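K.L.:
There's a structure below that I have some questions on.
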Amino acid sequence: MHVNPASLNMLSSLLEARTGQRLSTGRHWRIEMALKPILKARGIASCDELVARLAEPGSAALCNETIDALLNNETYFFRDSEAFADLFKVIENIAVNRQGTKRIRIWSAGCSTGQEIYSLAMHFCDNAAQWRGWSIELLGTDVSRTAINRARIGDYSQFEIQRGLPARLMLRWFEQSGSHWRIDESLRKMVRFRCQNVLDVPPPGQFDLVLCRNVLLYFPAANRSSALQNISTVMAPDGGLILGAGETVLGYTDRFRVLPGVRSLYQLALSEPQQISSVA
Ligand SMILES: C[S@@+](CC[C@H](N)C(=O)[O-])C[C@H]1O[C@@H](n2cnc3c(N)ncnc32)[C@H](O)[C@@H]1O
């Protein structure tokens, strides 16, 4: 089906205005594919007609639905297992500095449907004896309301549950209901979720660890810088920022410095290198 280039431009501009994500012209092919389910469900004949509908008054819900469909929500449990292994070591090292307060706060910015932050929750629960007496605060945020609503419920399809999750953890922390798997209530209650744009004012308080993995990839440079600047304002001085394997702070901000030893781990540039840097 031929889509008017003006419609594609309008849809990608809408996405960028609301989320900061840029769909370059070379990736415009994704638009038609991503919007097919909305067109079908709402009986809209084409992307051109959708664009016309979006211009009508009272189209806010359709607009949100369209933006959510255009976002890339790809995620899975323990995504990049090596990164998770490093992450667990980083948490151990942060804990050394938190013996006084016995409190750790972790923020997954761009958490999609929750698999990343629930993977961390499973790690803490699996090592319950070690963390007894600790306050572990886990926060997941995403600009997509659809993704956050799904994360809050913690309900996964057979396909999703099989991606990255060892069978032992699947059987321990999920209950099957037909073709779906529902997360255990105790795990669900460990994580708070909030709809939030990483380009807006960040959540209150200080975080010991921030995961912002595979979110910056499709931001233009200025938005990468803004997102990193925002995150830097809520990082503990000895805390860690973890980006995705294909992402970096280099060239976008001088607020963070690379920490050798762990892939994609950064610390505030203002602070002296601390315990966390000794992760090997
Ligand atoms: C590819 S997924 C990555 C999910 C998870 N962090 C992982 O690595 O598995 C990227 C997520 O970032 C979210 N996202 C995109 N732009 C965002 C923004 N401006 N603020 C917050 N989340 C955003 C998307 O909705 C999507 O759920």
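K.L.:
How many residues does the range 8-30 contain that are among the hydroxyl-bearing types (Ser, Thr, Tyr) and buried (at least 20 other Cβ atoms within 10 Å of the Cβ)? Walk me through it before giving the result.
P.N.:
As a first pass, look at the range 8-30 and keep what is among the hydroxyl-bearing types (Ser, Thr, Tyr): 12-13, 19, 24-25.
Those still in the list that are buried (at least 20 other Cβ atoms within 10 Å of the Cβ) too: 12, 19.
So the count comes out to 2.
K.L.:
Continuing with this model, one more query. Output yes when any residue across the range 158-178 is charged (D, E, K, R), in the same structural domain as Phe124 (by TED's automatic domain parsing) and under 18 Å from Ser108 (Cα atoms), and no when none is.
P.N.:
Step one: filter the range 158-178 for residues charged (D, E, K, R), giving 160, 163, 168, 172, 175.
From the residues that got through so far, the ones that are in the same structural domain as Phe124 (by TED's automatic domain parsing) too are 160, 163, 168, 172, 175.
Within this subset, residues satisfying the condition of being under 18 Å from Ser108 (Cα atoms) are none.
So far as the range 158-178 goes, no, none of its residues is charged (D, E, K, R), in the same structural domain as Phe124 (by TED's automatic domain parsing) and under 18 Å from Ser108 (Cα atoms).
K.L.:
Which ranges mark the helices (runs of 4 or more DSSP H) fully within the range 17-86 that have 2 or more residues being within 16 Å of the ligand (Cβ to nearest atom), acidic (Asp, Glu) and closer than 30 Å to Tyr118 by Cα?
P.N.:
Working: elements: 29-42, 47-54, 60-70.
The qualifying helices (runs of 4 or more DSSP H) are 60-70.
K.L.:
Given the residues Leu259, Leu241, which is the only one that is assigned by TED's automatic domain parsing to the domain that holds Gln158, modelled with pLDDT under 95, touching a strand residue (DSSP E or B) at 6+ places or on another chain (Cβ under 6 Å) and more than 12 Å from the ligand (Cβ to nearest atom)?
P.N.:
Numbers: Leu241 fails: modelled with pLDDT under 95.
Going through Leu259, Leu241 in turn, the sole match is Leu259.
K.L.:
Are there any pairs, at least 6 apart or on different chains, whose C-beta atoms fall under 7 Å, with the first in the range 83-100 and under 16 Å from Pro237 (Cα atoms) and the second assigned to a helix (DSSP H, G or I) and not polar (S, T, N, Q), and if so, which?
P.N.:
Val90/Ile276; Asn93/Ile276; Ile94/Ile276
K.L.:
Can you run down the residue pairs with Cβ atoms below 7 Å, 6 or more apart or on separate chains, where the first is in the range 4-22 and on the phi > 0 side of the Ramachandran plot and the partner is surrounded by fewer than 20 Cβ atoms within 10 Å (Cβ to Cβ) and not in a loop (DSSP other than H, G, I, E, B)?
P.N.:
Gly20/Asn223
K.L.:
Next up: Would you mention how many residues in the range 193-237 are within 12 Å of the ligand (Cβ to nearest atom) and among the small types (Gly, Ala, Ser)?
P.N.:
Residues meeting the conditions: 2.
K.L.:
Another question, if that's okay. Need a quick list: strands (runs of 3 or more DSSP E) entirely within the range 101-177 having at least 1 residues that are among the hydrophobic types (A, V, I, L, M, F, W, C) and farther than 18 Å from Ala83 by Cα. Even if it seems obvious, please write down each step before you answer.
P.N.:
On the way: elements: 103-109, 135-142, 155-157, 174-177.
Output list reads 103-109, 135-142, 174-177.
K.L.:
Something else now. Ala121 fails exactly one of the following numbered conditions: (1) in contact (Cβ under 8 Å) with a residue 40 or more places away in the chain; (2) touching a Phe, Trp or Tyr at 6+ places or on another chain (Cβ under 6 Å); (3) under 20 Å from Ile91 (Cα atoms). What is the number of that condition?
P.N.:
(2)
K.L.:
Which number in (1) at pLDDT 95 or above; (2) crowded, with 17+ Cβ neighbours inside 10 Å marks the one condition that Val90 misses?
P.N.:
Every listed condition holds for Val90 apart from (1).
K.L.:
Let me ask you something else. For residues that are farther than 15 Å from Leu209 by Cβ and within 13 Å of the ligand (Cβ to nearest atom), scanning just the range 93-117, find the one that is surrounded by the fewest Cβ atoms within 10 Å (Cβ to Cβ). First the steps, then the outcome.
P.N.:
Of the residues in the range 93-117, the ones farther than 15 Å from Leu209 by Cβ are 99-100, 102, 112-115.
Cutting the leftovers down to within 13 Å of the ligand (Cβ to nearest atom) gives us 112-115.
On the way: Ser112: 25, Thr113: 26, Gly114: 27, Gln115: 23.
Across the range 93-117, the extreme among qualifying residues is Gln115.
The values are calculated or read from the model by the stated rules, or taken from the named source; none is laboratory data. Just so it is clear, the structure is predicted and the values come from calculations on it, not from any experiment. When we count neighbours, we look across all protein chains shown, and the Cβ atoms used for this are built from the backbone with ideal geometry, even at glycine.
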